[in-house]
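Novice: So that we are looking at the same thing, I have put the structure below in structure tokens.
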Amino acid sequence: MISRRTFTRAVGLGVGATAASLGAASASAAAAGADRPDRPGQSGRRAPVIPAIAPGTHTTFTELKRVQAGVLDIGYAEAGPKHGPVVICLHGWPYDIHSYVDVAPLLADAGYRVIVPYLRGHGTTAFLSPTTVRNAQQSAIALDILALMDALKIDRAALAGFDWGSRTAGIIAALWPERVRALVSVSGYLITDVPAQRNPLPPKAEHTWWYQYYFATDRGRVAMETRQNRHDLCRLVWDEVSPTWKFDDATFERTAAAFENPDYAAIVIHNYRWRLGLADGERRYDRYEQLLAARPVITVPTITLDPALDPFLATTDGAGYRKFFTGAYEHRVLTGTGHNAPQEAPTAFAQALVDADRL
């Protein structure tokens, strides 16, 4: 989930009493301005107002596809006009594409072509070769999304994500800004600093990360490889990190189907062990990790979102990571929302995307 280093900064900041309200931020983002040459027809127009819907209004995607990209055969949902501006929505753990089941039709109705891929190890996304290392280090996942864009002949897209998805989108925006029109990042700057991950947090914060340390053991690995234990562990995480989200069993089970991917356990375990410095990456990604270790800034237009009830991050005014965003920028707090921001607050999430695309 989110970077421990970022979490530590946020705890130090406490609740950001000066954070702009969602309504005020939306009004600011919708103000008209001059067109930008790199975003013709976007900047300078009022962002559409996304109609309010209740979470859970939609339960399925109407169009599921697959495409070979890089080392993967990627499964993804698609919605909206084929020639609309593209937005790619990236999920986290333990979630899947259904985190965007309400967001996607809202963006499609606003004229966007929406792509929602299963990350490696999830759902219908499969490795093309049985010999490919089941590696989940951050740069590998980011390169999966670039390969997807190339396979679909998408030159530039707006990126939106939470949890693993925020990290992945942020990496692409930092290292390949020419491919990104705009960014929506839940919890801000999540690019992993592996050396910093070795530093202990206050005990209460460490307790929140219990599953991360569980996954560092063989006992945790076996639990993730065992269907019922995996199912129940992921359900427990949902309950803990979204304390007021009233989802039903069917909502969880739709996502839990994505955990049946044969590579799911290996990918999840490697991701968390690698981030703690307990598992090696691959040398072919070293050059990207070296660039990321320098904490590169993000220059593309960005809106960051802090879910107020996310136990991993105290609600802030964004000051803890503000220095990493040097382009057009806004920060918003999602009141009454837990960790799974797009599924818990789809209207606010979709509005942030269309607003970011006009910054």
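The values are calculated or read from the model by the stated rules, or taken from the named source; none is laboratory data. Computed from a predicted model, the values in this text were never measured in an experiment. Every residue, glycine among them, receives a Cβ derived from its backbone with ideal geometry; neighbour counts consider all protein chains shown. All accessible areas refer to the heavy atoms of the entire protein, side chains included, with ligands and DNA or RNA removed. Shrake-Rupley method; radii C 1.70, N 1.55, O 1.52, S 1.80 Å.
Novice: Using a 1.4 Å probe over the heavy atoms of the protein chains, calculate the carbon and sulfur portion of the accessible area of the chain as a whole percent.
Specialist: Answer for the chain is 56 percent, counting heavy atoms of protein chains only.
Novice: To the nearest 10 Å², what's Asp218's accessible area with a 1.4 Å probe?
Specialist: Counting only protein heavy atoms, the figure is 100 Å².
Novice: Using the beta-carbon distance between Glu260 and Asp286 and R0 = 25 Å, what value does 1/(1 + (r/R0)^6) give for FRET efficiency, to the nearest 0.05?
Specialist: Efficiency, from the Cβ-Cβ distance: 0.15.
Novice: Between segment 53-110 and segment 318-346, what is the C-alpha centre distance in whole Å?
Specialist: 20 Å
Novice: I need the phi-derived Karplus couplings for segment 298-308: 6.51 cos²θ - 1.76 cosθ + 1.60, θ = phi - 60°, integer Hz, Gly and Pro marked x.
Specialist: 10, 9, 6, x, 9, 10, 9, 10, 10, x, 5
Novice: Next up: Could you work out Rg/(2.2 N^0.38 Å) for segment 114-239, with Rg from alpha carbons only?
Specialist: Cα-based Rg divided by the globular estimate yields 1.19.
Novice: Hey, rough spin-label estimate for Arg46 and Lys82, points 7 angstrom out along Cα→Cβ, what's it come to in nanometres?
Specialist: Placing both labels 7 Å beyond Cα along the Cβ direction yields 3.3 nm.
Novice: Still on this structure, I have one more. Sequence-distant or interchain residues sharing an amide H contact under 5 Å with Asp306, placed H: which?
Specialist: The list, which skips near neighbours in sequence, is Ser187, Arg332, Val333, Leu334.
Novice: Compute the Kirkwood hydrodynamic radius of segment 37-190, taking the inverse of the mean of 1/r over all pairs of distinct Cα atoms, and give it in Å to one decimal.
Specialist: In segment 37-190 this quantity evaluates to 15.8 Å.
Novice: In 10 Å bins starting at 0, how do the alpha-carbon pair distances of segment 262-325 split up by percent?
Specialist: It works out to 16, 30, 39, 15, 0, in whole percents.
Novice: Given a 1.4 Å probe, how much area per residue of the chain is accessible, in Å²?
Specialist: 38 Å²
Novice: Counting only the heavy atoms of the protein chains, how much of Phe127 is accessible to a 1.4 Å probe, in Å² to the nearest 10?
Specialist: Near enough 20 Å² of accessible area.
Novice: Once all Cα-Cα distances of the chain are split into 10 Å bins that start at 0, what whole-number percent is in each one?
Specialist: Calculated over all Cα pairs of the chain, the distribution is 5, 27, 38, 24, 5, 0 percent.
Novice: I've got another one for you. Probe radius 1.4 Å, ligands and nucleic acids left out: which of His58, His83 has the largest accessible area, and how do the rest follow?
Specialist: The most accessible residue leads, giving His83, His58.
Novice: Where in segment 313-334 is the amide nitrogen less than 12 Å from a point lying 7 Å along the Cα-to-Cβ axis of Arg295?
Specialist: Hits in segment 313-334 for Arg295 at 12 Å: 320-325.
Novice: Also, I was wondering about something else. Ranked from the most accessible area to the least, with a 1.4 Å probe and all protein chains present, what is the order of Thr57, Thr168?
Specialist: Result of the area sort, largest leading: Thr57, Thr168.
Novice: Using the Kirkwood formula on the Cα atoms of segment 103-181, what hydrodynamic radius do you get, in angstrom to one decimal?
Specialist: About 13.6 Å, per the Kirkwood formula over Cα pairs.
Novice: Now a separate question. If we restrict to alpha carbons, what Rg and Dmax does segment 146-197 come to, in Å?
Specialist: 11.5, 37
Novice: From largest accessible area down, sort Arg120, Arg235, Arg46; use a 1.4 Å probe on the protein chains.
Specialist: Arg46, Arg235, Arg120
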